[in-house]
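The values are calculated or read from the model by the stated rules, or taken from the named source; none is laboratory data. Keep in mind the model is a prediction, meaning the values are calculated, not measured. Cβ placement follows ideal geometry from the backbone for every residue including glycine, while neighbour counts extend to all protein chains displayed.
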Amino acid sequence: MFKKSFARVCHHSRVTACLLAISVLSGCATQPEPTSLIEEETLLIQSGNHEKLVEYYKAQLSKSENRQTRMKLALAYLNSGDPESALFFVSPLNMGQEAHAEPLLIEAKSLYSLGQFRKAKTQALKAYELKPNNAEIENLLGMICAANSDLEEARQYFTSARTNLYDDIKIKNNLAVLNIVEGHYQKAVQLLLPIYLKGKADKQIEANLTLAMAKIGNVSYIKDMSKGELSDQEIFERYRALKDSKAIGEFKADDVKVNDAKVIDSNVSHIKTSEISHEG
């Protein structure tokens, strides 16, 4: 009698244990949310869908306030072409006593995009104090100084960014633009031509190189760049227009994009036909 009762108890315990195990496993299976959210964010970043990233981060922020999420939201706004919203969401992070380079840098880029160069420089310098020798911040400071026509200071920052291993092609283009503004066209060609010959020049660099070539009287380069699409008369007219043009030292923010995936751990202006580079 005792053996039968004991057996029933043991059997009941095993069944209960199995049910508990199944329950635990089922609970795990129905909670894949963190992984799926990370995957969704990663896919949106990889696809460059900044508008959807804005919606995604706003949804996350509405659930709970989070510093990192707020920075990502501001960055997504900036990359979607809405620096005003980026500034609105990142500014509160820079109002406390404890400063951090990442939100300061996002704010500086937003201000730069809005043409508020003095304020942009102030915030960028604060970020630079926290992260000295940061190439991304140095490049931004170079852009801000160039926009303010402080060309010598801009050159110093661009050179420092190059020393600290900022993107070689972008920094060469930025230095070439300064050379064009200052009338050093041969130096600009020396910076940009190797990039073109390696097949790594985008339209921005091609435009700057074409302008510099025209300034030194190299009409044959413009003919090569036309790839047979222009007549000799059209080539000559383009050459003459470029040669007679004057580069104006006015750097305007068209596109200051940075990498969403980084959230800036260390992220384009033009002079008429010539342009200056920033990340992406």
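Count of region 37-85 residues, restricted to those that are of a type in the set (Ser, Thr, Tyr) and more than 20 Å from Ser110 (Cβ to Cβ), is 4.
Do you know which residues across region 135-186 are small (Gly, Ala, Ser), surrounded by fewer than 24 Cβ atoms within 10 Å (Cβ to Cβ) and within 23 Å of Ser113 (Cβ to Cβ)? Full working, then the answer.
Kept after step one, since they are small (Gly, Ala, Ser), are these residues of region 135-186: 135, 142, 146-147, 149, 154, 160-161, 176, 183.
Then keep just the ones that are surrounded by fewer than 24 Cβ atoms within 10 Å (Cβ to Cβ); that gives 135, 147, 149, 160, 183.
If the condition is that a residue be small (Gly, Ala, Ser), surrounded by fewer than 24 Cβ atoms within 10 Å (Cβ to Cβ) and within 23 Å of Ser113 (Cβ to Cβ), then Ala135, Ala147, Ser149, Ser160 are the ones that fit.
Checked against (1) farther than 21 Å from Gly115 by Cα; (2) touching a Phe, Trp or Tyr at 6+ places or on another chain (Cβ under 8 Å); (3) hydrophobic (A, V, I, L, M, F, W, C), Ala99 passes all but condition (2).
Being polar (S, T, N, Q) and in contact with a helix residue (DSSP H, G or I) (Cβ under 7 Å, 6 or more places away or on another chain) is the filter here, so list the residues in region 174-203 that pass it. Steps first, please.
First, pick out the residues of region 174-203 that are polar (S, T, N, Q): 174, 179, 186, 190.
The answer is Asn174, Asn179.
Of all residues in region 51-65, those that are farther than 13 Å from Ala86 by Cα have Cβ atoms under 7 Å from Cβ atoms of residues that are of a type in the set (Lys, Arg) and at pLDDT 95 or above, 6 or more apart or on another chain, in Leu61/Arg70.
Here Glu98 passes the criteria (1) closer than 24 Å to Asn148 by Cβ; (2) of a type in the set (Asp, Glu); (3) surrounded by fewer than 24 Cβ atoms within 10 Å (Cβ to Cβ) except the one numbered (1). Of the helices (runs of 4 or more DSSP H) lying entirely inside region 164-232, those carrying at least 1 residues that are over 20 Å from the mean Cα position of the chain (by Cα) and within 24 Å of Ala154 (Cα to Cα) are 168-182, 185-197, 203-215. For region 110-125, the count of residues that are among the basic types (Lys, Arg), surrounded by fewer than 16 Cβ atoms within 10 Å (Cβ to Cβ) and within 27 Å of Glu51 (Cα to Cα) is zero.
In this structure, does Ser62 turn out to be loosely packed, with under 13 Cβ neighbours inside 10 Å and among the hydroxyl-bearing types (Ser, Thr, Tyr)? When the stated conditions are applied, Ser62 passes them.
Do we find that Tyr112 is touching an Asp or Glu at 6+ places or on another chain (Cβ under 7 Å), part of a helix (DSSP H, G or I) and either within 26 Å of Val177 (Cβ to Cβ) or among the aromatic types (Phe, Trp, Tyr) (or both) in this structure? Let's see the steps before the verdict.
Working: touching an Asp or Glu at 6+ places or on another chain (Cβ under 7 Å): no; part of a helix (DSSP H, G or I): yes; either within 26 Å of Val177 (Cβ to Cβ) or among the aromatic types (Phe, Trp, Tyr) (or both): yes.
Considered against the rule, which asks whether it is touching an Asp or Glu at 6+ places or on another chain (Cβ under 7 Å), part of a helix (DSSP H, G or I) and either within 26 Å of Val177 (Cβ to Cβ) or among the aromatic types (Phe, Trp, Tyr) (or both), Tyr112 comes out as no.
The criterion of at least 3 residues that are touching a helix residue (DSSP H, G or I) at 6+ places or on another chain (Cβ under 6 Å), of a type in the set (A, V, I, L, M) and under 22 Å from Tyr128 (Cα atoms) is met by the following helices (runs of 4 or more DSSP H) wholly inside region 43-100: 67-79, 83-90.
Evaluate region 144-155: report whether one residue or more is at pLDDT 95 or above, within 17 Å of the chain's Cα centre (by Cα) and either within 25 Å of Leu53 (Cβ to Cβ) or of a type in the set (D, E, K, R) (or both). No; the residues of region 144-155 include none that is at pLDDT 95 or above, within 17 Å of the chain's Cα centre (by Cα) and either within 25 Å of Leu53 (Cβ to Cβ) or of a type in the set (D, E, K, R) (or both). Taking every residue in region 219-231 that is surrounded by 11 or more Cβ atoms within 10 Å (Cβ to Cβ) and pairing it with any residue that is aromatic (Phe, Trp, Tyr), at least 6 positions away or on another chain, the pairs with Cβ-Cβ distances below 8 Å are Val219/Phe236; Val219/Tyr239; Ile222/Tyr239.
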